[in-house]
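S.K.: Next up is a structure, given as structure tokens.
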Amino acid sequence: MLRREGSCTNYKMPTLVFVFAVSFMVIACRAAPRGQCKANRDNTVSYSGFQVWTITPHSKTKQTILMKIITHYNLEMWKETNEIHEPVNIMVPPRYQKEIRLRLEEAKIPYDVEISDLQKAITNENPKTNASAANPKTAHQMDWTSYHRLDDIYGYLSYLADTYPCRVQLLNVGSSYEGRPLYVVHITNSTSPNTPAIWVDGGFHAREWISPALATYIIQQLVEEPSNAKLLDNVNWYIMPVVNPDGYEYTHLKNRLWRKTRSPTGSASAKCQGVDLNRNFDFKWGGPGSSSNPCSLVYKGPSAFSEPETLAYSNFISRKSNEIKLYLSLHSSGQLIMLPWGYERNTFPSDYDEMLTLAKNAACKFRKFTYKVGNKVDLLYQASGNSADWAKSIGIKYVYSVELPINGFILPASNILPVSQDFFRAMDVFAAEVSTLSSY
């Protein structure tokens, strides 16, 4: 493990300042035979004419009809729920829109068109892309008014490690399939080896851009905002902003809605490339909510920890498992704080009530967005082999996976600060609890 550190003396406090070629067309739609995504000449996937619909069945019978429609047309669900009176979000290809509209109207199932042209929404999502890169005089290119490429994120982490060597260590814990470094930021004010810690990660799923944005915002607030110094009292922080750097870069370069890694799966089709990292952990690996089909969005991989990303991630956390007392994995979307277990319904850890109480206390801090709190299976779906279940299985006390606002993967950059500022309020609650715990 490489460690980027600097001397803790003789440095000045700075002014705060805030690839690859692909020869295949890649399709993000759930089932290859019916996918209608189109590739441009540079192999960039276009979602022109695709729509996202919000559909509310309101009864078990209509829910059954809706699921038959989704299965028949191989539609991708952007938001799922177990509640019949809550809406689901569905991505609908252009060629099926008329047929599906007629079937929903015939069944008297209400729907709204949430996004009328998905490609236009993607184009408008990040209007300031690369605008900051035009200024070579800044120490880094990061801000939280736009989504950033991996180089900007990693450049900012290096800047922090160089600028605040007593507080920030940049740890290279491994490499992705395509050779990109996997970075964890260690933030501390403590010299004690027994200080309890909080783990935060983002970017498991490549298209969920708001999660790396929030993770880097948390880093910035902990390191560069003096009013948050209390959050470092008796608490260490380990934050991994981008767990899946290959997929994240691919969403910027080729396919905005790519979810998985970029490792080969043995399939002849490029669209079946990659593994869902959040189904690749060795606790209950291969159970319900994961798939053996390489073309599936929830493909579990050929074996547990088959991916270099999950192997490096798990090795690092395992070494720190006595120290880490709270685990927080950021995803999108849906406004949920979810507790283990996610592999089976009506199965809970022995200290579930303690975890639930802390999560509810944290959720009470939010002002702009309302989060539901509860068991993963009850709030969303089964997901065997997920990282949060694994983290709980190795003994971490408080374990949560979060679905951030809002419903969908295309969240305009103007929402980064509102989402991040609101969520950061919960850090007080988490840090206060962890500071009372012993690391051994």
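Each reported figure results from applying straightforward, stated rules to the coordinates on display, with no laboratory input. None of these values were measured; they are calculated from a predicted model. FYI the Cβ positions are ideal-geometry reconstructions off the backbone, even for glycines, and counts take in every protein chain you see.
S.K.: Regarding segment 224-328, what's the average projected area of the Cα-atom convex hull, expressed in nm²?
M.R.: Taking a quarter of the hull surface, the average projection is 8.7 nm².
S.K.: Looking only at segment 295-417, where both bridge partners belong to it, what percent of the DSSP beta bridges are antiparallel (to the nearest 5)?
M.R.: 20
S.K.: Check which residues have an amide H placed less than 5 Å from Glu225's amide H, if you skip close sequence neighbours.
M.R.: Correct list: empty.
S.K.: Which residue, chosen from Leu171, Tyr147, Ile219, occupies the Cα position most advanced towards the positive end of the dipole of the chain, where the dipole is computed from +1 (Lys, Arg) and -1 (Asp, Glu) charges on Cβ about the Cα centre?
M.R.: Going by the Cα projections, it comes out as Tyr147.
S.K.: I'd like the distance separating the alpha-carbon centroids of segment 310-324 and segment 227-255, in whole Å.
M.R.: After rounding, the separation between the Cα centres reads 16 Å.
S.K.: Okay, next question. Using helices alone, I'd like the mean residue ellipticity at 222 nm for the chain: each DSSP H run of four-plus residues gives -39500 (n - 2.57), total over residue count, nearest 500.
M.R.: -8000 deg cm²/dmol
S.K.: Something else: Could I get the Rg over Rh figure for segment 333-440? Both from C-alpha atoms, Rh via Kirkwood, rounded to two places.
M.R.: 0.97
S.K.: Using only Cα atoms, what Kirkwood radius does segment 73-208 have, in angstroms?
M.R.: 19.7
S.K.: Hey, can you grab everything whose amide H is under 5 Å from the amide H of Trp78? Only 5+ residues off in sequence or another chain; H modelled, so Pro and N-termini drop out.
M.R.: It is Asn89, Ile90, Met91, by chain and number.
S.K.: Would you mind checking Lys254/Lys392; Lys79/Lys260; Lys372/Lys397; Lys300/Lys376; Lys284/Lys320; Lys62/Lys360 for any pair whose Cα atoms are more than 25 angstrom apart?
M.R.: Among Lys254/Lys392; Lys79/Lys260; Lys372/Lys397; Lys300/Lys376; Lys284/Lys320; Lys62/Lys360, the Cα-Cα distance tops 25 Å for Lys254/Lys392; Lys62/Lys360.
S.K.: Looking only at the chain, where both bridge partners belong to it, what percent of the DSSP beta bridges are antiparallel (to the nearest 5)?
M.R.: 60
S.K.: Largest first and to the nearest Å, give the Cα extent of segment 338-392 along each principal axis.
M.R.: 33, 21, 19
S.K.: Treat the chain as a sphere of radius equal to its Kirkwood radius over Cα pairs and apply Stokes-Einstein at 20 °C in a medium of 1.002 mPa s; give the translational diffusion coefficient in µm²/s, rounded to a whole number.
M.R.: The estimated diffusion coefficient comes to 96 µm²/s.
S.K.: Taking amide H positions as placed 1.01 Å from N in the peptide plane, with prolines and chain starts having none, which residues 5 or more places from Tyr343, or on another chain, fall under 5 Å of its amide H?
M.R.: Counting only residues 5 or more places away or on other chains, the set is Ala383.
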